[in-house]
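The values are calculated or read from the model by the stated rules, or taken from the named source; none is laboratory data. Just so it is clear, the structure is predicted and the values come from calculations on it, not from any experiment. Here the Cβ is made from the backbone with ideal geometry for all residues, glycine too, and neighbour counts use every protein chain on show.
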Amino acid sequence: MANENVNAPAFDDIVFEDRNKEYGAYTLRKKYNRTVILALLIGILILATAVITPYLNAKAAEGRGKRAERKVEIKLENLDQPNDVVAPPPPPPPPPADVVQQQRYVPPVVVDSIKPEDNVQLMTNDDAQTEVKNTDVVEVAQEVKEEVQEAEAEEVPFVVVEEMPVYPGGPNALLTYIAEHTNYPEVAKENNIQGKVIVRFCVTAKGGVSQVSILKGVDPELDKEAIRVVSALPPFKPGKQGGKPVPVWYMVPIAFTLK
């Protein structure tokens with residue numbers, strides 16, 4: 001006898017046998033499992049969105065806080081040279097000790113005649129050239145000239161002159177350069193160290209920056225950064241006194257502020 005495959009009817013078909021399946025209850029029962037799974041997936045999605053969204057917002061706020069914390073604000077105030085905090089210029093350097101003093105020229109005494117008894121020996125042209133050709137005298141004269149030129153080159157900077165030094169582009173360009181090239185030290189940032197550093201430097205007769213020093217410091221790290229930025233400034237238009245370029249003292253207040 002051959003085996004016969006008997007397909008048992010579904011539970012819903014048994015329940016709704018000889019009943020009106022078009023009423024709607026039969027369709028709801030047929031789609032019950034799919035509806036439950038779909039509702040479960042939608043609930044999980046809504047729950048995940050409710051949990052992940054605040055977490056992402058917190059991370060974004062933390063990132064914005066870190067970026068805002070690294071913002072450095074550099075302020076230049078009172079670019080005019082104040083007279084109350086300007087230190088007096090240093091005294092001129094003493095003259096070199098090894099400079100050879102020039103002997104005073106004594107004019108010869110002119111007489112009307114030569115007495116016969118005076119034994120006068122005339123010098124020939126060859127003898128005169130031999131006597132004058134003294135390399136030691138020439139070398140000493142050159143050394144004295146070089147030392148005098150070096151002593152004259154070390155001019156004392158002026159505090160106020162007729163035409164003060166000018167940065168290319170004016171004070172706003174100087175402010176922009178310092179703001180773009182200043183790096184807030186990490187140690188000072190971690191310790192929340194803020195303040196205003198006043199830097200003094202000399203604008204030479206050629207417009208360069210030299211003799212950079214701190215007039216008013218806040219912290220060694222901030223002072224070091226201020227000196228580094230000022231030392232790297234581009235050349236200025238030099239100051240003039242009587243139409244001649246001269247070295248001039250210049251001051252820049254730099255405010256380090258954390259936000």
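Residues in region 200-222 that are within 14 Å of Ala255 (Cα to Cα) and buried (at least 18 other Cβ atoms within 10 Å of the Cβ) were compared, and the one that is modelled with the highest pLDDT is Leu222. Only one of (1) surrounded by fewer than 16 Cβ atoms within 10 Å (Cβ to Cβ); (2) closer than 20 Å to Pro90 by Cα is not met by Val246, so which one is it? If we test Val246 against (1) surrounded by fewer than 16 Cβ atoms within 10 Å (Cβ to Cβ); (2) closer than 20 Å to Pro90 by Cα, just (1) comes out false. Considered as a group, the residues in region 174-191 that are assigned to a loop (DSSP other than H, G, I, E, B) and touching a residue at least 40 places away in the same chain (Cβ under 8 Å) include one that is nearest to Lys259 (Cα to Cα), and that residue is Tyr184. Against the test of being more than 20 Å from the chain's Cα centre (by Cα), closer than 21 Å to Pro220 by Cα and assigned by TED's automatic domain parsing to the domain that holds Ile254, the options Asn183, Asn191 yield a single qualifying residue, Asn191.
Pick from region 51-76 the residues that are modelled with pLDDT of 60 or more and of a type in the set (D, E, K, R): which of them is farthest from Val197 (Cα to Cα)? Restricting to residues being modelled with pLDDT of 60 or more and of a type in the set (D, E, K, R), the top hit is Lys59. When Gly170 is tested against (1) of a type in the set (Gly, Ala, Ser); (2) loosely packed, with under 14 Cβ neighbours inside 10 Å; (3) modelled with pLDDT of 90 or more; (4) more than 17 Å from the chain's Cα centre (by Cα), only condition (3) is not met.
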